[in-house]
Amino acid sequence: MHRACQLLFKKKFPLGHCWLGGLVGGVGVAVKPLGPDRLCLKTAPGRLPFETTVNLAPPAGPVGQDRAMRAIAFGAKIAQPGYNIFVTGPQGSGKRASIRRALNRMAAAMPVPPDWAYVHNFKSPHMPRALKFAAGEGTAFRRALGEFVDALKAAMPKLFESEEYRKARGAIEEEYRTTADGALEKLRQLAESQGLALVDRGENELDFTPQRDGLELSEDEYRNLPKPDRDALAERTHGLRAELQKTMRTIGEMRARAVERMRSLDRDRGEKEVRRLIAPIVERFEPNREAHAHLETVFHDVVAHLDALQAAARDDTDGDKRSEVPFHRYEVNLVVDNAGAKGAPVVTLDLPSLSHLVGKVEHVPLLVTFITDFMFIRPGAMHQANGGFLLIDALGLLQQDVSWETLKRALRESQIRIENLAEILDRSQAVSIKPEPIPLDLKIVLFGEAWLFQRLRELDPDFAEFFKVQADFSTSVNRDDANCSQLLALLADVARSDGLKQLDRTGAARIIDEAARMAGDAEKISVRTGRLADLLREADHFAGEAGRSLVGGEDVARAIAAKEDRAGRIKALEHELIARRIVFIDTDGAKAGQVNGISVLSVAGFAFGMPARITARVRPGNGRVIDIERLAEFSGPSHAKGVQILSGYLNGHYAVSRSLSLSASLAFEQSYGPVDGDSASTAELIAILSAIADVPLKQGIAITGSINQHGAIQPIGGANEKIEGFFDVCAARGFSKGNGVIIPKANLVNLMLRDEVVAAARDGRFAVFAVETVDEAIEVLAGMKAGDRRKNGTFPRGTFNRRVSDRLTWFARPRILRPVRLDGWWPF
């Protein structure tokens, strides 16, 4: 923090200290309007310890989220399974950017995770093997084998072209030919000595035929021979044929031996060349046993397929790709490359589909089918983040098919298994591969709102097992010196990064006031930094239009007003309906059984208050309060509860010694939609009491607050919007004497009203009353004492409660012909 800030700011804004106006004091016995200084806790620009925010250093972390950041640090550092992190908090709180920065700092001190590569499995080609390397070694291995493949392609065509090889192979072939020719020549001479010739019948078929003087006998000449001569020739031919078969077997054996010798020669030559090419790689990666074993397998496979590889090399040269043994089977598919990384990875997955999460196997078309191999394996975010942190939006993850179950399975098995959606759903008909799983060692960080965290804990029994750490970001933090300074420093950093103008003192003070207003609490500030950053951008626009180099309070105010104007169409329409007397709201005069309550409407994130007429009718009955909204099925559970509580107050306060002989009906007039919440229960109760006592209530004053059964008025939400909502209606009609709003005293800390409301209160045109009990509210609305119950159980004469009590007594009496005068007034 800036030194001047440390000297000026306190650890917490005590009311009435530091930059702020005070809220010291309280409502006296007679309820009086609040002073204007209590309607908005302003930041004094002159007390800020800087002229502009230009020199404020970037914050070290998110504003006021120490508890959440401690949870992040714990979850990130604990080395036990299941301690993954679920971050809860509202949208726009800056939690993602803050957590990523924090994790980046922690990851920088962590070891760099290994590289991972997939290679061909020569024993089971459909199950590629995964190899692990130290960071950077995977790249070296891929490059080395790539160079080996290139050298192998170049060497294959020239492998058997050396003079030495040709001589050795020629010697084997010559030896075979000499031996085979010698055996056949010996057989030919034997046949000639017996009057037969060895002839070739074609298709490598040899046979014997009669001859005379070196010439074959024709068919006629052979038939003209004497029968004894023909029989002798046939007998000699039969014997020579047996000898021919024996000779051919011997030649076949010689040929097989020659082929084997040539193969051995080729193998020796090939082994020598392949070993020469692969030896440096084997030596380079010998410490890596898995890589070394793979290189040995590559060596043996190349030697075993020399002929096919020679053909493949020739086909590749000719542009023909039909080889059955492709060279790329010896290459490396590096799926995780941490070369040059500093520390562990921090990866954000924006679209957590199955393939983006765990990777995929791509297929390429070939004729009428699709093919694939290990070179088409693509990594997922879990591969990239392995050894570090993976950040995912929880709702987006749950919206993807099978991604959530796949993530849980990976965490349970501690390995990344590349899966196909069609296979998981048992719909795949394509031939695919199953890559070897890779060990998983990372921390998952899920982001979601609190309701999603609770639902997952309730509905998924595995959730608590895998996500044991919750980092809960709050929507608001204390409005103290440290948090305000941190917020301004963050906005100064946003201005620098987005090229915006910096804030001057008035702009900084106005931003803090608006942050408190967003929080709905004068002692808190909102940490929805996204909204505040947008406000800064919009204020920068107006400052630019005005030709200013800094963003001032006037620019921030214009930005706020412009935003409300853009979102205010529905609000303007509601006000128009009131102004045209289409919606009935009185802002002056007095009526019994009628009071102005205030509700809060929210449209597209813009909330505003609107008055609502609440009316009550009473008559003798059995003690029931009829909620017309509930009968019309407009009432929500909270509103129904509020009606039941006011019924309890009526019975406890006015029917101590007898049953409550009352039937009352309540209605929100001109309400045609859902009604919920108990903030109108005080207004409803006072409307009923006014109807019973027949005492008119001031219509220029609206009231909000919930009630308990003992008559205490409890705080409500949206206090600022409700006060301003009734103020806007009164201002549009023209203020009448006594316009104002009654709020619970407990809501004093929430007041951050607009400047025009404060100005109207200062001028006496509008008043805000803070009350603690129903009786105090009655005195403001009815203009008469409420009256406390005396020891004898009665209320003082001339008080509001005495009139209510007497009327209820009259309700409980049997009907008689003559009227009975009670407390100075006639019930008939």
Counting only DSSP beta bridges fully inside the chain, the antiparallel percentage to nearest 5 is 60
Burial-style ranking of 331-337, 226-232, 408-414, average other-beta-carbon count within 10 Å with highest first, yields 331-337, 408-414, 226-232
In order over the stretch 676-691: 3J(HN,Hα) from phi, Karplus 6.51/-1.76/1.60, θ = phi - 60°, whole Hz, x for each Gly or Pro, gives 8, x, 10, 6, 9, 5, 5, 4, 5, 4, 5, 4, 5, 4, 5, 5
Expected sort for 677-688, 51-62 on mean C-beta neighbours within 10 Å, highest first, is 677-688, 51-62
Contact order relative to length for the stretch 386-492, counting C-alpha pairs under 8 Å separated by 6 or more residues, stands in percent at 34
Which residues qualify? For ILE598, with a placed amide H closer than 5 Å and at least 5 residues away or on another chain, they are ALA612, ILE703
Calculating Cα Rg over 2.2 N^0.38 Å from this structure picks out, from [x] 1.34; [y] 1.22; [z] 1.69, entry [z]
As straight-line cross-link partners of LYS186, the qualifying lysines (C-alpha separation under 30 Å, not fewer than 8 residues apart within one chain) are LYS167, LYS227, LYS246
For LYS722, the lysines lying under 16 Å Cα to Cα, once residues fewer than eight places off in the same chain are dropped, come out as LYS571, LYS745
Where a ≥ b ≥ c are root eigenvalues of the Cα gyration tensor, a/c under 1.5 meaning rounded, otherwise prolate if a/b exceeds b/c and oblate otherwise, the stretch 352-486 counts as prolate
Classified through the alpha carbon gyration tensor (a ≥ b ≥ c as square roots of its eigenvalues; rounded if a/c is under 1.5, else prolate when a/b is larger than b/c, else oblate), the stretch 87-234 comes out prolate
Carbon plus sulfur, as percent of the 1.4 Å-probe accessible area of the chain, comes to 50
Sorting GLU554, GLU243, GLU538 on solvent-accessible surface, 1.4 Å probe, most exposed first, gives GLU554, GLU243, GLU538
Taking a ≥ b ≥ c as the square roots of the eigenvalues of the Cα gyration tensor, with a/c under 1.5 meaning rounded and otherwise prolate when a/b exceeds b/c and oblate if not, the stretch 740-782 is oblate
Whole-Hz Karplus couplings 3J(HN,Hα) for the stretch 248-254, θ = phi - 60° and coefficients 6.51, -1.76, 1.60, Gly and Pro as x, run 5, 5, 5, 5, x, 5, 4
Note to self: with every protein chain in place and a 1.4 Å probe, the chain gives an accessible area per residue in Å² of 50
The chain: relative contact order from alpha carbon pairs under 8 Å, six or more residues apart, as a whole percent, is 15
For ALA590, other-chain or 5+-apart residues with amide H closer than 5 Å (H placed, Pro excluded) are GLN699
Sorted by chain and then number, the residues having a modelled amide H within less than 5 Å of the amide H of MET784, at least 5 places away or on another chain, are none
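Loop-only trypsin sites (Lys or Arg not before Pro) in the stretch 693-790, please: DSSP not H, G, I, E or B, and at most 10 other Cβ atoms within 10 Å.
Values: sites: LYS698, LYS722, ARG733, LYS737, LYS745, ARG754, ARG762, ARG765, LYS785, ARG789, ARG790; in loops: LYS737, ARG754, ARG765, LYS785, ARG789, ARG790.
For trypsin sites (Lys or Arg not before Pro) across the stretch 693-790 that sit outside H, G, I, E and B with at most 10 neighbouring Cβ atoms in 10 Å, the list reads LYS737, ARG790.
What is the packing order of peptides 379-388, 582-591, taking the mean over residues of other C-beta atoms within 10 Å and listing the highest first? Could the numbers behind the result be given before it?
On the way: 379-388: 23.5, 582-591: 15.9.
Averaged packing, sorted descending, gives the order 379-388, 582-591.
For each pair in LYS32/LYS591; LYS342/LYS443; LYS77/LYS408; LYS153/LYS342, compute the distance between the two Cα atoms and list the pairs where it is over 29 Å.
Values: LYS32/LYS591 22 Å; LYS342/LYS443 18 Å; LYS77/LYS408 21 Å; LYS153/LYS342 37 Å.
Table pairs above 29 Å Cα-Cα are LYS153/LYS342.
The values are calculated or read from the model by the stated rules, or taken from the named source; none is laboratory data. In this text, all values refer to a predicted model and were calculated from it rather than measured experimentally. Please note: Cβ atoms are built from the backbone with ideal geometry, for glycine as well, and neighbour counts cover all protein chains shown. Calculation scope for accessible area: heavy atoms of the full protein, side chains included, ligands and nucleic acids excluded. Shrake-Rupley method; radii C 1.70, N 1.55, O 1.52, S 1.80 Å.
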